[in-house]
Amino acid sequence: MKKLATLILLLLVQYSASAELPNAVPSTVVDALKKAGIPQNSVAIFVQAVDAKAPILSLNADKSLNPASVMKLVTTNAALDLLTPVYRWKTEIYRVGEVSNNTLYGNLIVKGYGDPSFGEAEFRRLLISLKQMGVKDIQGDLVLDKTVFAKNVGSRSTFDSETWRAYNAMPSAFLVNGRNTSFKFVANEKLVNISQEVELPEVQIVNNMKLIQGACGDWRDHMGYKVQSSATTALVTFSGSFSPECGERYLELSVFDDEKYAFFMFKKLWLELGGKFGGQLQTQASMPFQAVKMLGQESQPLGYVVRDINKWSNNLMARQLLLTIAAEKNVLPATESKGADAIKTWLNGKGLNFNELIIENGSGLSRVERISAAHLGQLLVSTYQSPVMPEFMASLSILSQDGTVQKRIKDAPVSGRAHLKTGSLDGVSAIAGYVLDANSHRHVLVMLVNHANAAASKNAQDALINWVHQQP
């Protein structure tokens, strides 16, 4: 009898230990957080199998935290479901005036609908179509119609003091190349060369960079820039040092507003296509009644566009997407708040009531956006059971292979077996997505860190990813 009692007690102890195990933070994660100087009360974790009803690991999961760029998972998820993966943006051309002998005697109007992927190639294709319609000379102005988005969406203050950095660019209903000037740095034995990836004659470069030898290191710490922008030009002066060991490096700046950049790109492309234009730039508050539509062009499907947003964490494209949701689901003109309302209505319709959710711009480049790890995890579980799951998962970076996690956890059993989205701001580091365990069972993983040392939490995140992969 005594032996039986001892056996029962042992079984109860083992059961108790196993019952507590799901909520015990793995020791590898605990150790990594300690080394980073991050207390567990600044961390939220949620892990749940996609076919389970409850999480296997939960730490502060109901806490409302800043998710940084992981917020893009909410925005892209909602867009795929609300707009469908085959949604395409329009860009249209109208004329006010008549065309005679290959000459437009009047203004050319370009109407944008917020396409986040409209670049130089798309603009060139649009203008080629215009030439094929018999227009070679434009005796009028270029007029931009951006009325689909509210006027003030492009006039906000920047996120930080890096005013000219591309990630601080504001959305626009007609956005070309994300109004992004990409500067390429490369050095040979004699000098440092700086060039524009897409050259605009209105951008002038002053190269004061000095050639040095040795390891590249953090090359951005060894250089600086200054931008002097006017109505017609931008003078960009680079100073500092650069090593040939750096290979090719890039710095993306937005040195013009959306209208000037589009105007300068139009003039460049139209001239290259053999066209003539001597007019000015105008914007309009509404389409003139006498305007005649000449042609339209559609973007790639949303299912393709979201890959650029999530894999490379493109803030401006995510902001464009939130405004597109607003444009399609609310009364025009579109605003960020209308987009946020549309997403919350969509979540409520799925039975997901995220009371703590705050969406400012949908990109995560924000100090006010909030969500809990549990709710983000529940959304990811729900998405896995939805029709848009293939397109959504394909938009996430594959661990150790591409996107923002290309260099993480190389040559390990979990390499290539996780689809993840990262996020980082000063004081914020986050990761979320899907991880396959050793038996090919898929789990949702969310880890949000809000702490002064958050940037040092990557080892803890990697430890959590490895732990999930090792689950039976």
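The values are calculated or read from the model by the stated rules, or taken from the named source; none is laboratory data. The shown structure was predicted, so the numbers you read here are calculated from the model rather than taken from an experiment. Positions of Cβ are generated from backbone atoms using ideal geometry, with glycine treated the same way; all protein chains shown enter the neighbour counts. These accessible areas exclude ligands, DNA and RNA; they are computed on the full protein's heavy atoms, side chains included. Shrake-Rupley method; radii C 1.70, N 1.55, O 1.52, S 1.80 Å.
Shape of the stretch 334-472 from its Cα gyration tensor (a ≥ b ≥ c, root eigenvalues): rounded if a/c is under 1.5, otherwise prolate when a/b > b/c, or oblate? It comes out oblate by the Cα gyration axes.
Put simply, the Cα atoms of the chain extend 108, 58, 35 Å along their principal axes, the longest span coming first.
Under Stokes-Einstein, with the Kirkwood radius over Cα pairs as Rh, the value for the stretch 205-344 at 20 °C and 1.002 mPa s is 109 µm²/s.
Hey, any idea what % of the stretch 299-376's accessible area is carbon plus sulfur with a 1.4 Å probe?
Carbon plus sulfur share of accessible area: 48 percent.
A straight Cα-to-Cα reach below 22 Å connects Lys276 with the lysines Lys111, Lys131, Lys136, Lys260, Lys267, Lys268, Lys293, residues fewer than 8 places away in its own chain not being considered.
Taking R0 as 60 Å, what's the FRET efficiency between Asn41 and Ser100 from their Cβ-Cβ distance, rounded to 0.05? Spell out each step's value before the answer.
Details: r = 73 Å, r/R0 = 1.22.
Step by step, r from the Cβ atoms, then E = 0.25.
With the simple model of a label 7 Å out from the Cα in the direction of the Cβ, Ile128 to Met287 spans 2.6 nm. Ranking Ala234, Val198, Asn208 by how far each Cα lies toward the positive end of the dipole of the stretch 185-251 (charges on Cβ) leaves Asn208 at the top.
Under 1.5 on a/c is rounded, so check that first for the stretch 297-386, then, if it is not, pick prolate when a/b is larger than b/c and oblate when it is not; a ≥ b ≥ c are the square roots of the alpha carbon gyration tensor eigenvalues. Note, shape of the stretch 297-386 comes out rounded. Note on the stretch 376-427: Kirkwood hydrodynamic radius from all Cα pairs is 12.1 Å, rounded to one decimal. Summarising the amide proton neighbourhood of Asn193: residues at separation of 5 or more, or on other chains, whose placed amide H is nearer than 5 Å comprise Val186, Ala187, Asn188. Which whole number in µm²/s is D for the stretch 110-241 by Stokes-Einstein, with the Kirkwood Rh taken over Cα pairs at 37 °C and 0.692 mPa s? Once the numbers are plugged in, D ends up at 185 µm²/s. Along its first, second and third principal axes, ordered by size, the stretch 94-137 spans 34, 18, 11 Å in Cα coordinates.
With the convex hull built on the Cα atoms of the stretch 419-472, state its orientation-averaged projected area in nm².
With the hull built on Cα positions only, its mean projection is 3.3 nm².
About the Cα centre of the stretch 67-128, how large is the charge dipole given +1 on each Lys and Arg Cβ and -1 on each Asp and Glu Cβ? Please answer in debye to the nearest 20. The calculation lands at about 20 debye.
Stokes-Einstein, applied to the Kirkwood radius of the stretch 177-238 over Cα pairs at a viscosity of 1.567 mPa s and 4 °C, places its translational diffusion at 99 µm² s⁻¹.
Multiplying each eigenvalue of the alpha-carbon gyration tensor of the stretch 221-278 by 5 and taking the square root yields semi-axes of 30, 15, 9 Å, largest first, rounded to whole angstroms.
Dipole size of the chain about its Cα centre, with +1 on Lys/Arg Cβ and -1 on Asp/Glu Cβ: approximately 460 debye, rounded to the nearest 20.
Its residue count N fixes a reference of 2.2 N^0.38 Å for the stretch 57-187, and the Cα radius of gyration divided by that reference is 1.43.
Here the stretch 330-472 is assigned +1 on the Cβ of each Lys and Arg and -1 on the Cβ of each Asp and Glu. Its dipole about the Cα centre then comes out at about 140 debye. Our analysis of the stretch 139-180 gives Rg over Rh at 1.05, with the two radii drawn from alpha carbon positions and Rh computed by the Kirkwood formula.
For the chain, what's the relative contact order in percent, using C-alpha pairs closer than 8 Å and at least 6 residues apart?
Relative contact order for the chain comes out at 24 percent.
How would the stretch 129-205 be classified by its alpha-carbon gyration tensor: rounded, prolate or oblate, with rounded meaning a/c under 1.5 and the a/b versus b/c comparison settling the rest? It comes out oblate by the Cα gyration axes. Most tightly packed first, judged by the mean number of other beta-carbon atoms within 10 Å of their residues, the peptides 376-387, 28-39 read 376-387, 28-39.
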